[in-house]
């Protein structure tokens, strides 16, 4: 087995996971999710979950693990949207 595909897959998986971290870091504060659409987040969660299942079904553990982490990151972003819109909404001054 060649090491090159494993290295390329590992680098790709790492970059895919790391690309979501800045968004998760941004939404950790209250009222920072106004510009995010909840449907888009839901689609990302479903897609990452399906890729994860696909990866594990085919014993592609790099793909499955990476997609699982990405799914969890998108779930955190989704929870931040729920927090900002329903649990701690902005108070309207009037």
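Here, each number is a calculation from the coordinates, and none is a lab measurement. Source: prediction; values computed, not measured. For neighbour counting, all protein chains shown are included, and Cβ atoms are generated from backbone atoms with ideal geometry for every residue, glycine included.
Points worth noting:
- Förster radius 35 Å - calculated FRET efficiency between residue 60 and residue 19, Cβ distance, rounded to 0.05: 0.95
- On the principal axes of its alpha carbon atoms, the chain extends 67, 22, 15 Å, with the longest extent given first.
- Distance from region 47-94 to region 10-31 (C-alpha centre basis), Å: 11
- Taking every DSSP helix (H) stretch of at least 4 residues in the chain, weighting each as -39,500 (n - 2.57) and dividing the sum by the residue count yields a mean residue ellipticity at 222 nm of -22500 deg cm²/dmol.
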